[in-house]
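**Student:** Take a look at the following structure, please.
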Amino acid sequence: AQSVAQPEDQVNVAEGNPLTVKCTYSVSGNPYLFWYVQYPNRGLQFLLKYITGDNLVKGSYGFEAEFNKSQTSFHLKKPSALVSDSALYFCAVSRYNDYKLSFGAGTTVTVRA
Amino acid sequence: GAGVSQSPSNKVTEKGKDVELRCDPISGHTALYWYRQRLGQGLEFLIYFQGNSAPDKSGLPSDRFSAERTGESVSTLTIQRTQQEDSAVYLCASSPLGGTSPLHFGNGTRLTVT
């Protein structure tokens, strides 16, 4: 079975400060890892993914995530947060050659001006 | 271009009634997923369609739940004899191929069973 843990229900940061949203995963074999974001009153949107290769992946809106195999983590980061980054963020994992995505419970990010 | 469209956006029904939720995927997307999102919880996989292959129904919580898809187009999720614990947001997503392709989500149907 595969699973994702997002240990923080909420993350609060000031605008301009670095933002980190944590994610750890459990899966047999090589993981495929994803981040999705859900803005208020809008559908889930894809941010970035790790399939293979460079452990640091860059995505939309200035976000990046680092795959750490030894710690089974895939934390989402942004060097300088914006108020418009306030949203619900989901980490997700699937296995090699498997289409079924398992999602974490989500982390609500609030960026204050 | 048009994204994934779901209807209705909101549905309130009485316990014991049947409901049907509709999903129009992005044209050309062969993979279609249904997920359920309960308040404060992550997305729960329900069912997966890929082209003309047999669907993966392993996530359906009970035999009251069923889903169909016509070719690579519209999908309907049917819940029979609804219960209060069925209250949730039902999300549909499509992708070009499945697997590593990013999912494109609809805005969901918020189902409330009274």
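**Student:** Of the residues B:Gly42, B:Gly59, which single one is within 14 Å of chain A (Cβ to nearest Cβ), under 19 Å from A:Gly43 (Cβ atoms) and not acidic (Asp, Glu)? Spell out how you get there, then give the answer.
**Tutor:** Working: B:Gly59 fails: under 19 Å from A:Gly43 (Cβ atoms).
Result of the check over B:Gly42, B:Gly59: B:Gly42.
**Student:** Can you tell me which residue is modelled with the lowest pLDDT among those in segment B:6-39 that are part of a loop (DSSP other than H, G, I, E, B) and away from chain A (no Cβ under 14 Å)? Working first, answer last.
**Tutor:** So the first thing to find is which residues in segment B:6-39 are part of a loop (DSSP other than H, G, I, E, B), and the list is B:8-9, B:14-18, B:25-30, B:38-39.
After this cut, where a residue has to be away from chain A (no Cβ under 14 Å) as well, the list is B:8, B:14-18, B:27-28.
Details: B:Pro8: 97, B:Glu14: 97, B:Lys15: 97, B:Gly16: 97, B:Lys17: 98, B:Asp18: 98, B:Ser27: 92, B:Gly28: 89.
Restricting to residues being part of a loop (DSSP other than H, G, I, E, B) and away from chain A (no Cβ under 14 Å), the top hit is B:Gly28.
**Student:** Let me ask something else about it. Identify all residues within segment A:60-94 that are in contact with a strand residue (DSSP E or B) (Cβ under 7 Å, 6 or more places away or on another chain), of a type outside the set (A, V, I, L, M, F, W, C) and either more than 10 Å from every other protein chain (Cβ to nearest Cβ) or more than 13 Å from A:Tyr36 (Cβ to Cβ) (or both); write none if there are none. If you could, list the steps in order and put the result at the bottom.
**Tutor:** Going residue by residue through segment A:60-94, those that are in contact with a strand residue (DSSP E or B) (Cβ under 7 Å, 6 or more places away or on another chain) are A:60, A:62-67, A:72-78, A:81-83, A:85-94.
Okay, now just the ones that are also of a type outside the set (A, V, I, L, M, F, W, C), so A:60, A:62, A:64, A:66, A:72-73, A:75, A:77-78, A:85-86, A:89, A:94.
Across segment A:60-94, the qualifying residues are A:Ser60, A:Gly62, A:Glu64, A:Glu66, A:Thr72, A:Ser73, A:His75, A:Lys77, A:Lys78, A:Asp85, A:Ser86, A:Tyr89.
**Student:** Name every residue in segment B:40-52 that is part of a loop (DSSP other than H, G, I, E, B) and surrounded by fewer than 18 Cβ atoms within 10 Å (Cβ to Cβ), in order of residue number.
**Tutor:** The first filter runs over segment B:40-52 and keeps only residues part of a loop (DSSP other than H, G, I, E, B), leaving B:40-42, B:51-52.
Listed by number, the residues that qualify are B:Gly40, B:Gln41, B:Gly51, B:Asn52.
**Student:** Here's another thing I want to ask about it. When segment A:1-33 is examined, which residues are found to be part of a loop (DSSP other than H, G, I, E, B) and more than 18 Å from A:Val93 (Cα to Cα)?
**Tutor:** First, pick out the residues of segment A:1-33 that are part of a loop (DSSP other than H, G, I, E, B): A:1-2, A:6-9, A:15-18, A:22-23, A:27-30.
A:Asp9, A:Glu15, A:Gly16, A:Asn17, A:Pro18, listed by residue number.
**Student:** B:Thr114 passes all but one of (1) under 29 Å from A:Asp9 (Cβ atoms); (2) of a type in the set (Val, Ile, Thr); (3) crowded, with 16+ Cβ neighbours inside 10 Å; which number fails?
**Tutor:** (3)
**Student:** How many residues does segment B:63-88 contain that are exposed (fewer than 12 other Cβ atoms within 10 Å of the Cβ) and either hydroxyl-bearing (Ser, Thr, Tyr) or in contact with a Leu (Cβ under 6 Å, 6 or more places away or on another chain) (or both)?
**Tutor:** So the answer is 1.
**Student:** Residue check: is B:Gly3 under 15 Å from A:Leu44 (Cα atoms), part of a loop (DSSP other than H, G, I, E, B) and small (Gly, Ala, Ser)? It would help to see each step written out before you state the result.
**Tutor:** Working: under 15 Å from A:Leu44 (Cα atoms): yes; part of a loop (DSSP other than H, G, I, E, B): yes; small (Gly, Ala, Ser): yes.
So B:Gly3 fits the description; yes.
**Student:** Scan A:Tyr32, A:Tyr50 and give me the residue that is within 14 Å of chain B (Cβ to nearest Cβ), without any contact (Cβ under 8 Å) to a residue 40 or more places away in the chain and within 28 Å of A:Ala1 (Cα to Cα). It would help to see each step written out before you state the result.
**Tutor:** Working: A:Tyr32 fails: without any contact (Cβ under 8 Å) to a residue 40 or more places away in the chain.
From the options A:Tyr32, A:Tyr50, the qualifying one is A:Tyr50.
**Student:** Hey, does segment B:91-111 have a residue that's within 23 Å of A:Gln38 (Cβ to Cβ), more than 14 Å from every other protein chain (Cβ to nearest Cβ) and in contact (Cβ under 8 Å) with a residue 40 or more places away in the chain?
**Tutor:** Yes, there is a match, as at least one residue in segment B:91-111 is within 23 Å of A:Gln38 (Cβ to Cβ), more than 14 Å from every other protein chain (Cβ to nearest Cβ) and in contact (Cβ under 8 Å) with a residue 40 or more places away in the chain.
**Student:** Turning to a different aspect of this structure: Does B:Ala93 satisfy being open to solvent by less than 20 Å² (accessible area, probe 1.4 Å) and touching a Cys at 6+ places or on another chain (Cβ under 9 Å)?
**Tutor:** Values: open to solvent by less than 20 Å² (accessible area, probe 1.4 Å): yes; touching a Cys at 6+ places or on another chain (Cβ under 9 Å): yes.
So B:Ala93 fits the description; yes.
**Student:** Another question, if that's okay. Just to be sure I understand, how many residues within segment A:47-68 are of a type outside the set (Asp, Glu) and under 10 Å from the mean Cα position of the chain (by Cα)? Give the derivation first.
**Tutor:** Here is the first cut: in segment A:47-68, the residues of a type outside the set (Asp, Glu) are A:47-53, A:55-63, A:65, A:67-68.
Then drop every residue that is not under 10 Å from the mean Cα position of the chain (by Cα), which leaves A:47-49, A:63, A:65.
So the answer is 5.
**Student:** Within segment A:41-113, considering only strands (runs of 3 or more DSSP E) that don't extend past its boundaries, which have at least 1 residues that are farther than 14 Å from A:Val21 by Cα and either among the β-branched types (Val, Ile, Thr) or open to solvent by less than 30 Å² (accessible area, probe 1.4 Å) (or both)? Quick ask: steps written out before the conclusion?
**Tutor:** Numbers: elements: A:44-50, A:56-58, A:64-68, A:73-78, A:87-95, A:107-112.
Of the strands (runs of 3 or more DSSP E) lying wholly inside segment A:41-113, those with at least 1 residues that are farther than 14 Å from A:Val21 by Cα and either among the β-branched types (Val, Ile, Thr) or open to solvent by less than 30 Å² (accessible area, probe 1.4 Å) (or both) span A:44-50, A:56-58, A:87-95.
**Student:** A:Tyr36 - would you say it is touching a Phe, Trp or Tyr at 6+ places or on another chain (Cβ under 9 Å), under 28 Å from B:Thr109 (Cβ atoms) and open to solvent by less than 60 Å² (accessible area, probe 1.4 Å)? Steps first, please.
**Tutor:** Numbers: touching a Phe, Trp or Tyr at 6+ places or on another chain (Cβ under 9 Å): yes; under 28 Å from B:Thr109 (Cβ atoms): yes; open to solvent by less than 60 Å² (accessible area, probe 1.4 Å): yes.
In short, yes.
The values are calculated or read from the model by the stated rules, or taken from the named source; none is laboratory data. Just so we're clear, the structure is a prediction, and the values are computed from it rather than from any experiment. Counting neighbours? That spans all protein chains shown, and the Cβs are built from the backbone with ideal geometry, glycine included. Ligands, DNA and RNA are stripped out before the accessible areas are found, and what is left, the full protein with its side chains, is counted by its heavy atoms. Shrake-Rupley method; radii C 1.70, N 1.55, O 1.52, S 1.80 Å.
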